[in-house]
Each structure stands twice: as structure tokens, then as C-alpha cells.
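Before any comments, here is the structure.
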Amino acid sequence: EKLFYILLYCKCYPTFDLLSVLFNFDRSCAHDWVHRLLSVLETTLGEKQVLPARKLRSMEEFTKRFPDVKEVIVDGTERPVQRPQNRERQKEYYSGKKKRHTCKQITVSTREKRVIIRTKTRAGKVHDKRLLHESEIVQYIPDEVAIEGDLGFHGLEKEFVNVHLPHKKPKGKELTQQQKEENRELSRQRVVCEHAHSGIKRYNCVHSVYRNRVTDFDDQLMLVSAGLWNFYLDAA
């Protein structure tokens with residue numbers, strides 16, 4: 001029953017008022033049980049080795065944790081949040097890309113749609129490339145592992161030899177036919193990352209507008225949802 005309770009919360013993201021009605025206890029108990037059981041679920045998924053890494057400390061760590069990975073895709077994903085009351089926080093969380101207030105993470109996925117690394121959740125205003133740099137992920141991925149990304153990481157290919165990005169259209173000029181073909185091929189390869197994000201967002205707790213107030217709870221929800229998605233892939 002406890003497993004059903006926390007999986008229901010992750011999948012449907014009901015309010016604590018609704019949970020209290022469905023399970024016949026007080027609203028405060030509904031709140032306490034969600035936070036208690038989510039930590040238990042996170043620990044269990046960690047024991048199953050399906051949680052994505054939060055941070056890398058060396059290339060040796062990457063090789064040890066992911067010995068069979070030869071190619072990865074990096075991309076950002078955002079989720080909407082309630083509009084902050086504070087004006088400064090409104091600016092901090094406003095995403096020019098989504099035209100609304102969001103929070104975001106960068107994920108690193110494999111060809112098998114498995115999310116192996118994810119950054120800490122940040123405000124939507126932070127640019128993808130800046131967030132990736134601050135998270136210190138790319139520098140700990142070995143050179144023999146190819147890294148694919150989109151133009152949101154433009155310039156990264158000049159810093160790391162294993163980064164492959166689409167060709168950017170020159171100002172006032174057009175891409176050659178070969179460059180267009182290469183961009184299309186890269187897009188076909190990168191689409192698995194979007195499939196991984198879609199898999200994670202099967203869980204409404206990371207898809208719907210975030211409404212909780214507990215510090216870093218959104219980060220924990222994303223971590224657990226990614227772990228559940230990886231667990232599903234392993235079981236499928």
C-alpha cells in the first residue's frame with residue numbers, strides 16, 4: 001500500500017488534500033508520508049543502480065560506472081513552475097525559450113534512452129551551456145566517448161574534441177547541402193534524448209506545474225522519476 005501511495009503521487013501528482021480524501025487521513029499526514037516514502041523510493045532505486053549520477057569527479061569514475069557507453073547525448077529539459085511573487089525571482093525563473101516561468105536540468109542520455117547523468121535543478125533563466133559548464137560534466141567524459149548536442153551548446157565543440165554539434169547557419173549565408181544532410185543525420189541520432197525526456201515526464205510530478213515549497217524537492221522528484229524510467233527500461 002505504501003508503494004502504491006508514492007507511485008500514485010509520482011504518476012498523478014495529486015494535491016495533499018486529494019490524497020487525504022483517497023487514503024482517509026489528515027492533510028498533514030499526506031504531506032509527511034510523501035516526503036518520507038519518496039526518500040525510501042530513492043534509496044531503493046539507488047540500490048537497484050538505476051538512478052542517474054548527479055556529478056562526476058573523474059574520467060575513471062565515468063569509465064567505471066558506464067563501461068559500455070561509447071556515445072551520449074546532452075540536452076536540457078524544463079518544467080513549468082508557479083509564477084513567483086517576488087519580482088527578482090520572477091526574472092530568475094522566466095525562460096525566454098518557453099516564454100513562461102520554469103526550472104531546468106541538463107541530462108546525459110545513451111542510445112538506449114537511459115538517463116545516466118543529470119544536473120541539479122536550476123532556475124529557467126540559466127542558459128543550457130552555462131549550466132553544463134557549472135556542473136562540470138563534459139570534462140570528465142573520456143575523449144573516446146562521443147558527445148552529441150544541439151546549438152544551445154554552440155562553442156562547446158571548440159573546447160572538447162569529442163563534442164559534435166549541428167552546423168550553425170552563417171550570418172547572411174546558407175548552409176551547404178552537405179551541412180544540411182549532416183544536421184539532419186545528427187537530429188535523427190539525437191531524437192532518442194527527447195524520447196528519454198518523454199519517458200521521464202510520464203510521471204506527472206515532473207511534467208505538471210510545480211507547486212511544492214520544500215527546498216530541493218523538485219530536484220528529488222526529477223531524480224526519482226529518472227530512476228523509475230531507467231528501471232522500466234531495464235525491466236522491459
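For SER39, the stated conditions do not hold, so it cannot be described as among the small types (Gly, Ala, Ser) and either in the same structural domain as LYS113 (by TED's automatic domain parsing) or in contact with an Asp or Glu (Cβ under 9 Å, 6 or more places away or on another chain) (or both). When the range 95-107 is filtered for residues that are crowded, with 18+ Cβ neighbours inside 10 Å and free of Cβ contacts under 8 Å to residues at least 40 places away in the same chain, the ones remaining, listed by number, are SER95, HIS101, THR102, LYS104, ILE106.
Helices (runs of 4 or more DSSP H) wholly in the range 1-78 with at least 2 residues that are surrounded by 12 or more Cβ atoms within 10 Å (Cβ to Cβ) and under 24 Å from the mean Cα position of the chain (by Cα) - which ones?
Values: elements: 2-12, 16-23, 27-47, 59-65.
The qualifying helices (runs of 4 or more DSSP H) are 2-12, 27-47, 59-65.
Select from the range 67-88 the residues that are in contact (Cβ under 8 Å) with a residue 12 or more places away in the chain and of a type in the set (D, E, K, R) and list them in ascending order. So that I can check it myself, show each step before the final result.
Step one: list which residues in the range 67-88 are in contact (Cβ under 8 Å) with a residue 12 or more places away in the chain, which gives 69-84.
Residues satisfying the conditions are LYS70, GLU71, ASP75, GLU78, ARG79, ARG83.
Please enumerate the residues belonging to the range 162-173 that are out of contact with any Leu (no Cβ under 8 Å at 6 or more places or on another chain) and surrounded by 11 or more Cβ atoms within 10 Å (Cβ to Cβ). Answer for the range 162-173, where residues must be out of contact with any Leu (no Cβ under 8 Å at 6 or more places or on another chain) and surrounded by 11 or more Cβ atoms within 10 Å (Cβ to Cβ): just ASN162.
Inside the range 174-190, can you point out the residues that are within 20 Å of GLU71 (Cα to Cα), surrounded by 12 or more Cβ atoms within 10 Å (Cβ to Cβ) and either touching a Ser or Thr at 6+ places or on another chain (Cβ under 6 Å) or free of Cβ contacts under 8 Å to residues at least 24 places away in the same chain (or both)? Outline the logic, then answer.
Looking only at the range 174-190, we keep the residues that are within 20 Å of GLU71 (Cα to Cα), and these are 182-190.
Then keep just the ones that are surrounded by 12 or more Cβ atoms within 10 Å (Cβ to Cβ); that gives 182-183, 186-187, 189-190.
Result: GLU182, ASN183, SER187.
Scanning the range 206-213 turns up at least one residue that is modelled with pLDDT of 95 or more, assigned to a helix (DSSP H, G or I) and in the same structural domain as ARG83 (by TED's automatic domain parsing). For the criterion of being in contact with a helix residue (DSSP H, G or I) (Cβ under 8 Å, 6 or more places away or on another chain), of a type in the set (Gly, Ala, Ser) and in the same structural domain as LYS91 (by TED's automatic domain parsing), GLY199 passes. GLN139 fulfils the conditions (1) within 28 Å of GLN49 (Cβ to Cβ); (2) surrounded by fewer than 20 Cβ atoms within 10 Å (Cβ to Cβ); (3) in contact (Cβ under 8 Å) with a residue 24 or more places away in the chain; (4) of a type outside the set (A, V, I, L, M, F, W, C) except for a single criterion, (3).
Criterion first (assigned by TED's automatic domain parsing to the domain that holds ASN230, over 30 Å from ASN212 (Cα atoms), loosely packed, with under 13 Cβ neighbours inside 10 Å and among the hydroxyl-bearing types (Ser, Thr, Tyr)) does THR110 satisfy it?
Working: assigned by TED's automatic domain parsing to the domain that holds ASN230: yes; over 30 Å from ASN212 (Cα atoms): yes; loosely packed, with under 13 Cβ neighbours inside 10 Å: no; among the hydroxyl-bearing types (Ser, Thr, Tyr): yes.
Here the answer is no, as THR110 does not meet what is asked.
Going through the range 185-209 one residue at a time, which ones are of a type in the set (A, V, I, L, M, F, W, C) and under 13 Å from ARG79 (Cα atoms)? The answer is ILE200, CYS205, VAL206, VAL209.
The test for being touching a residue at least 40 places away in the same chain (Cβ under 8 Å), closer than 22 Å to MET59 by Cβ, surrounded by 14 or more Cβ atoms within 10 Å (Cβ to Cβ) and not aliphatic (A, V, I, L, M) does not hold for GLU194.
The values are calculated or read from the model by the stated rules, or taken from the named source; none is laboratory data. Computed from a prediction, not measured in an experiment: that's the story for all the values here. Cβ atoms come from the backbone with ideal geometry, glycine included; neighbour counts cover every protein chain shown.
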